[in-house]
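Step one of this worksheet: look at the structure below.
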(Lines give C-alpha, C1' and ligand atoms only; values in the text may rest on other atoms or scores of the structure.)
Protein backbone atom coordinates (compact mmCIF):
# COMPACT_ATOMS: atom_id res chain seq x y z
CA UNK A 1 0.00 0.00 0.00
CA UNK A 2 1.80 3.06 -1.33
CA UNK A 3 0.70 6.45 -2.66
CA UNK A 4 0.49 7.20 -6.35
CA UNK A 5 2.31 10.23 -7.81
CA UNK A 6 0.92 13.46 -6.34
CA UNK A 7 -0.37 11.67 -3.26
CA UNK A 8 0.65 10.95 0.32
CA UNK A 9 -1.02 8.50 2.69
CA UNK A 10 -2.47 8.67 6.16
CA UNK A 11 -2.98 5.30 7.88
CA UNK A 12 -5.79 4.86 10.39
CA UNK A 13 -7.96 2.25 12.05
CA UNK A 14 -10.90 4.67 11.64
CA UNK A 15 -12.65 4.32 8.26
CA UNK A 16 -15.02 7.25 8.89
CA UNK A 17 -12.74 10.30 8.59
CA UNK A 18 -14.20 12.78 6.11
CA UNK A 19 -11.74 15.61 6.64
CA UNK A 20 -8.36 15.83 8.30
CA UNK A 21 -8.05 18.89 10.53
CA UNK A 22 -4.68 20.03 11.93
CA UNK A 23 -4.18 19.09 15.57
CA UNK A 24 -1.34 18.70 18.04
CA UNK A 25 -0.62 14.97 18.26
CA UNK A 26 -0.38 13.61 21.80
CA UNK A 27 2.77 11.73 20.79
CA UNK A 28 4.78 14.77 19.70
CA UNK A 29 6.80 17.45 21.43
CA UNK A 30 5.81 19.89 18.67
CA UNK A 31 3.25 22.54 19.53
CA UNK A 32 2.00 23.51 16.07
CA UNK A 33 -1.14 21.70 14.84
CA UNK A 34 -0.60 19.49 11.79
CA UNK A 35 -2.22 16.90 9.58
CA UNK A 36 0.30 14.06 9.35
CA UNK A 37 0.96 11.81 6.36
CA UNK A 38 3.79 9.87 4.73
CA UNK A 39 5.26 9.41 1.28
CA UNK A 40 6.01 6.08 -0.37
CA UNK A 41 9.36 5.64 1.39
CA UNK A 42 7.88 5.75 4.90
CA UNK A 43 4.61 3.88 4.33
CA UNK A 44 6.02 0.58 5.69
CA UNK A 45 6.55 2.31 9.06
CA UNK A 46 2.75 2.35 9.42
CA UNK A 47 1.83 -1.19 8.34
CA UNK A 48 1.03 -1.92 12.00
CA UNK A 49 -1.81 -1.39 14.48
CA UNK A 50 -1.60 2.22 15.63
CA UNK A 51 -0.52 1.49 19.21
CA UNK A 52 1.93 -1.29 18.26
CA UNK A 53 5.52 -0.53 19.27
CA UNK A 54 7.94 -1.22 16.44
CA UNK A 55 11.64 -0.84 15.84
CA UNK A 56 12.73 -0.51 12.23
CA UNK A 57 16.13 -0.43 10.56
CA UNK A 58 17.26 -0.14 6.96
CA UNK A 59 20.40 0.23 4.93
CA UNK A 60 21.38 3.85 4.27
CA UNK A 61 24.23 5.57 2.45
CA UNK A 62 26.59 5.37 5.46
CA UNK A 63 25.71 1.81 6.51
CA UNK A 64 28.68 -0.51 6.79
CA UNK A 65 28.51 -4.01 5.40
CA UNK A 66 29.36 -5.36 8.85
CA UNK A 67 26.34 -3.63 10.42
CA UNK A 68 24.08 -4.72 7.57
CA UNK A 69 25.15 -8.35 7.95
CA UNK A 70 24.98 -8.27 11.77
CA UNK A 71 21.58 -6.60 12.14
CA UNK A 72 19.65 -7.08 8.89
CA UNK A 73 21.41 -10.31 7.93
CA UNK A 74 23.62 -11.21 4.99
CA UNK A 75 21.46 -11.70 1.91
CA UNK A 76 18.30 -10.79 3.81
CA UNK A 77 17.36 -7.56 2.05
CA UNK A 78 17.79 -3.95 3.08
CA UNK A 79 15.18 -3.50 5.80
CA UNK A 80 13.99 -5.17 8.99
CA UNK A 81 11.04 -4.40 11.27
CA UNK A 82 10.67 -5.84 14.76
CA UNK A 83 7.64 -6.22 17.01
CA UNK A 84 6.98 -8.04 20.26
CA UNK A 85 5.24 -11.43 20.42
CA UNK A 86 2.33 -9.92 22.32
CA UNK A 87 1.41 -7.84 19.22
CA UNK A 88 1.10 -10.70 16.73
CA UNK A 89 -2.63 -11.23 17.23
CA UNK A 90 -3.32 -7.49 16.93
CA UNK A 91 -1.38 -7.47 13.65
CA UNK A 92 -3.58 -10.32 12.38
CA UNK A 93 -6.83 -8.76 13.57
CA UNK A 94 -6.43 -5.03 12.90
CA UNK A 95 -8.50 -3.42 10.18
CA UNK A 96 -6.17 -0.73 8.90
CA UNK A 97 -7.13 1.83 6.25
CA UNK A 98 -5.14 4.17 4.03
CA UNK A 99 -6.42 7.60 3.08
CA UNK A 100 -5.00 9.09 -0.11
CA UNK A 101 -4.35 12.81 0.31
CA UNK A 102 -3.13 15.47 -2.17
CA UNK A 103 0.65 15.82 -1.77
CA UNK A 104 0.51 19.51 -2.76
CA UNK A 105 -1.00 20.34 0.65
CA UNK A 106 1.99 18.87 2.53
CA UNK A 107 5.60 19.78 3.30
CA UNK A 108 8.37 17.55 4.72
CA UNK A 109 9.11 17.61 8.45
CA UNK A 110 12.18 16.38 10.32
CA UNK A 111 15.88 16.25 9.56
CA UNK A 112 16.07 14.02 7.69
CA UNK A 113 12.36 14.19 6.80
CA UNK A 114 10.34 11.31 8.26
CA UNK A 115 6.83 12.52 7.40
CA UNK A 116 4.94 15.29 5.68
CA UNK A 117 2.57 17.74 7.34
CA UNK A 118 -0.18 20.13 6.35
CA UNK A 119 -1.24 23.17 8.34
CA UNK A 120 -4.65 23.44 6.67
CA UNK A 121 -7.61 21.03 6.67
CA UNK A 122 -7.25 18.31 4.02
CA UNK A 123 -10.00 16.33 2.30
CA UNK A 124 -9.20 12.76 1.23
CA UNK A 125 -9.08 12.11 -2.51
CA UNK A 126 -11.57 9.27 -2.09
CA UNK A 127 -12.86 6.75 0.43
CA UNK A 128 -10.35 4.98 2.69
CA UNK A 129 -8.86 1.80 1.27
CA UNK A 130 -8.43 -1.34 3.39
CA UNK A 131 -4.71 -2.00 3.73
CA UNK A 132 -5.15 -5.77 4.01
CA UNK A 133 -2.85 -8.40 5.46
CA UNK A 134 0.07 -6.68 7.19
CA UNK A 135 2.28 -9.76 7.02
CA UNK A 136 1.66 -10.03 3.29
CA UNK A 137 2.54 -6.35 2.79
CA UNK A 138 5.88 -6.88 4.51
CA UNK A 139 6.60 -9.99 2.48
CA UNK A 140 5.70 -8.35 -0.84
CA UNK A 141 7.93 -5.37 0.01
CA UNK A 142 10.87 -7.64 0.90
CA UNK A 143 10.90 -6.40 4.50
CA UNK A 144 11.88 -8.84 7.22
CA UNK A 145 9.43 -8.89 10.10
CA UNK A 146 11.02 -10.13 13.31
CA UNK A 147 9.12 -11.11 16.41
CA UNK A 148 10.98 -10.67 19.68
CA UNK A 149 10.23 -11.08 23.38
CA UNK A 150 11.01 -7.38 23.78
CA UNK A 151 12.33 -4.66 21.49
CA UNK A 152 14.97 -3.08 23.70
CA UNK A 153 18.01 -5.26 22.97
CA UNK A 154 17.33 -4.98 19.22
CA UNK A 155 16.73 -1.21 19.54
CA UNK A 156 20.02 -0.75 21.40
CA UNK A 157 21.92 -2.59 18.63
CA UNK A 158 20.17 -0.65 15.86
CA UNK A 159 20.66 2.79 17.37
CA UNK A 160 24.36 2.11 17.96
CA UNK A 161 24.86 0.96 14.36
CA UNK A 162 25.35 2.74 11.04
CA UNK A 163 21.87 1.71 9.85
CA UNK A 164 19.07 4.22 9.40
CA UNK A 165 16.31 3.58 11.95
CA UNK A 166 12.97 4.60 13.35
CA UNK A 167 11.09 3.61 16.47
CA UNK A 168 7.37 4.24 16.74
CA UNK A 169 5.20 3.85 19.85
CA UNK A 170 8.17 2.51 21.80
CA UNK A 171 6.55 3.81 24.99
CA UNK A 172 4.14 0.86 24.56
CA UNK A 173 6.97 -1.71 24.46
CA UNK A 174 7.67 -4.10 27.32
CA UNK A 175 10.27 -2.90 29.82
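Out of all the residues in segment 139-153, which are in contact with a helix residue (DSSP H, G or I) (Cβ under 9 Å, 6 or more places away or on another chain) and part of a helix (DSSP H, G or I)?
Result: 141, 152.
Select from segment 2-29 the residues that are part of a strand (DSSP E or B) and surrounded by fewer than 12 Cβ atoms within 10 Å (Cβ to Cβ) and list them in ascending order.
Going residue by residue through segment 2-29, those that are part of a strand (DSSP E or B) are 7-12, 20, 23.
Across segment 2-29, the qualifying residue is only 23.
Quick one: would you say residue 94 is surrounded by 19 or more Cβ atoms within 10 Å (Cβ to Cβ), under 16 Å from the mean Cα position of the chain (by Cα) and at pLDDT 95 or above?
no
Quick test of your reading of the structure: residue 61 fulfils all but one of (1) in contact (Cβ under 8 Å) with a residue 24 or more places away in the chain; (2) exposed (fewer than 12 other Cβ atoms within 10 Å of the Cβ). Name the failing condition by number.
Only one criterion in (1) in contact (Cβ under 8 Å) with a residue 24 or more places away in the chain; (2) exposed (fewer than 12 other Cβ atoms within 10 Å of the Cβ) is unmet by residue 61, namely (1).
Looking only at segment 6-28, which residues are free of Cβ contacts under 8 Å to residues at least 24 places away in the same chain and farther than 26 Å from residue 167 by Cβ? Quick ask: steps written out before the conclusion?
Narrowing segment 6-28 to residues free of Cβ contacts under 8 Å to residues at least 24 places away in the same chain: 16, 23-26, 28.
Within segment 6-28, just 16 meets the criteria.
I need the full set of residues from segment 157-169 which are part of a helix (DSSP H, G or I) and under 16 Å from residue 77 (Cα atoms), in order please. Talk me through it step by step, then tell me what you get.
We begin by selecting, within segment 157-169, every residue part of a helix (DSSP H, G or I); these are 157-159.
The answer is 158, and nothing else.
Restricting to segment 34-73, name every residue that is in contact with a strand residue (DSSP E or B) (Cβ under 9 Å, 6 or more places away or on another chain) and part of a loop (DSSP other than H, G, I, E, B).
Passing the criteria: 39, 47, 48, 50, 52, 53, 59, 60, 61, 62, 63.
Determine whether segment 37-52 contains at least one residue that is closer than 19 Å to residue 168 by Cα and loosely packed, with under 12 Cβ neighbours inside 10 Å. Before you say what the answer is, go through the steps one by one.
If we filter segment 37-52 for residues that are closer than 19 Å to residue 168 by Cα, which is where we start, we get 37-52.
Cutting the leftovers down to loosely packed, with under 12 Cβ neighbours inside 10 Å gives us 41.
So far as segment 37-52 goes, yes, one or more of its residues are closer than 19 Å to residue 168 by Cα and loosely packed, with under 12 Cβ neighbours inside 10 Å.
Filter segment 149-175 for residues that are touching a residue at least 60 places away in the same chain (Cβ under 8 Å) and more than 18 Å from the chain's Cα centre (by Cα); which is surrounded by the most Cβ atoms within 10 Å (Cβ to Cβ)?
Filtering segment 149-175 down to residues touching a residue at least 60 places away in the same chain (Cβ under 8 Å) leaves 149-151, 154-155, 157-158, 161-174.
Filter again for more than 18 Å from the chain's Cα centre (by Cα), leaving 149-150, 157, 161-162, 174.
Details: 149: 10, 150: 15, 157: 16, 161: 18, 162: 15, 174: 12.
If we take residues in segment 149-175 being touching a residue at least 60 places away in the same chain (Cβ under 8 Å) and more than 18 Å from the chain's Cα centre (by Cα), then 161 is surrounded by the most Cβ atoms within 10 Å (Cβ to Cβ).
Rundown of residues vs (1) in a loop (DSSP other than H, G, I, E, B); (2) within 19 Å of residue 38 (Cα to Cα); (3) at pLDDT below 95, yes/no style:
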| residue | (1), (2), (3) |
| --- | --- |
| 137 | no, yes, no |
| 155 | no, no, no |
| 171 | no, no, yes |
| 175 | yes, no, yes |
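The values are calculated or read from the model by the stated rules, or taken from the named source; none is laboratory data. Being a predicted model, the structure only gives us computed values, none of them experimental. Cβ: placed from backbone, ideal geometry, glycine included. Neighbour counts: every protein chain shown.
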